[in-house]
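The values are calculated or read from the model by the stated rules, or taken from the named source; none is laboratory data. Just so we're clear, the structure is a prediction, and the values are computed from it rather than from any experiment. All Cβ positions, even for glycine, are placed from backbone atoms using ideal geometry, and neighbour counts span all protein chains on display.
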Amino acid sequence: MRTHFHTQDGVVHAVNGISFHLDEGELLAVVGESGSGKSVAMMSLMQLLPMPPAEIASGRVNFQGQDLVKLKASQIRQVRGSRIGFVFQDPMTSLNPVFTVGFQIMEPLREHMGLSKRQARERAIELLELVGIPAADQRIDDYPHQFSGGMRQRVVIAIALACDPKVLIADEPTTALDVTVQAQILELIKELRQNLGMAIIWITHDLGVAAGIADRIVVMYGGQIVEHAAVEDLFDDPQHPYTRALLESLPGRHAAHEKLRSIAGQPPLLLKQPDFCPFSARCKHVFDKCLRQNPPLIAVEGDHRAACWWNPETGGVRDVA
């Protein structure tokens, strides 16, 4: 998939040829710093971007025998909320302040499942209980401002789960929450995944969170996937310099007296066609080839792939057959 934004300054190449798969029941973490294209990529899957200025320039999204990119607006609305749930980053902007939380949970139930008002209300109470809202039968008629940040996020998750979706996309759902509430939400997601058997795409900039919940990790930078591996493989043997730099910035990987390491420089401007490695300006292992040719995802071992010309085993240019 490739997603562009048409702006006054030119065409922004926000997503540049990403490709991945999601197996039934697994949790795939998509990680990378702000501006790497994580959220835009996932919103492209669901046609949630305003078009224009956004444009899905090429690609396809195969889901249960359908190409979601080719669906009309009326058709994709039947997929959103019913078969694929989406949890947005900020629960306060995701919820409408003038409607009760019960009304907002009941809406997809009546739209997609054809439940009566009474049936939808009963199901909404069950969902609030499922996500850990106490006294759900009383809180269902409350408004979003009457809930804390963590409770609002639970309500958003309840809405996403309302129609028993096959896939749940969670866009940094714990970013705005304190550490204690974040741990509660992560534990909730683990329980729901185990009980409901959903496949989950978890977007995050926190590798520590990804390590605790994911089966596989996709690392994005500059609108591209730069590394893709099982969790254990990625943490034990990172192959891309960007992945290594992210891991080196984690506090737990250093002695107490060592300073945290940061990644020098800035993310790339995406106004240029990506015909070179997007990380080359910040990389310690850059070669002339990196400036002339954008590396594809190269198989390292098994399902572990990295988009990098540098071979960490030899220190030289990776030999690609």
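General observations
- Residues that are among the basic types (Lys, Arg) and at pLDDT 85 or above within the stretch 267-284 comprise Arg282, Lys284, listed in sequence order.
- Strands (runs of 3 or more DSSP E) completely within the stretch 1-62 that count 1 or more residues being surrounded by 14 or more Cβ atoms within 10 Å (Cβ to Cβ) and within 15 Å of the chain's Cα centre (by Cα): 10-16, 27-31
- Residue within the stretch 71-84 that is on the phi > 0 side of the Ramachandran plot and buried (at least 16 other Cβ atoms within 10 Å of the Cβ) present: yes
- Qualifying residues in the stretch 161-188 (those that are in contact (Cβ under 8 Å) with a residue 40 or more places away in the chain and over 17 Å from Arg80 (Cα atoms)) - the one nearest to the chain's Cα centre (by Cα): Glu172
- For the stretch 286-321, a tally of residues being aliphatic (A, V, I, L, M) and either in contact (Cβ under 8 Å) with a residue 60 or more places away in the chain or assigned to a strand (DSSP E or B) (or both) returns 7.
- Residue match in the stretch 102-113 (condition: modelled with pLDDT under 85, of a type outside the set (Ser, Thr, Tyr) and under 26 Å from Gln182 (Cβ atoms)): no
- For the stretch 194-212, the set of residues classified as surrounded by fewer than 22 Cβ atoms within 10 Å (Cβ to Cβ) and small (Gly, Ala, Ser) consists of Gly197, Ala199, Gly208, Ala211, Gly212, listed by residue number.
- Residues of the stretch 103-141 that are out of contact with any Leu (no Cβ under 7 Å at 6 or more places or on another chain), part of a loop (DSSP other than H, G, I, E, B) and buried (at least 16 other Cβ atoms within 10 Å of the Cβ): Ile133 alone.
- Among the residues listed as Pro274, Pro267, the single one being under 23 Å from the mean Cα position of the chain (by Cα) and more than 15 Å from Val31 (Cα to Cα): Pro274
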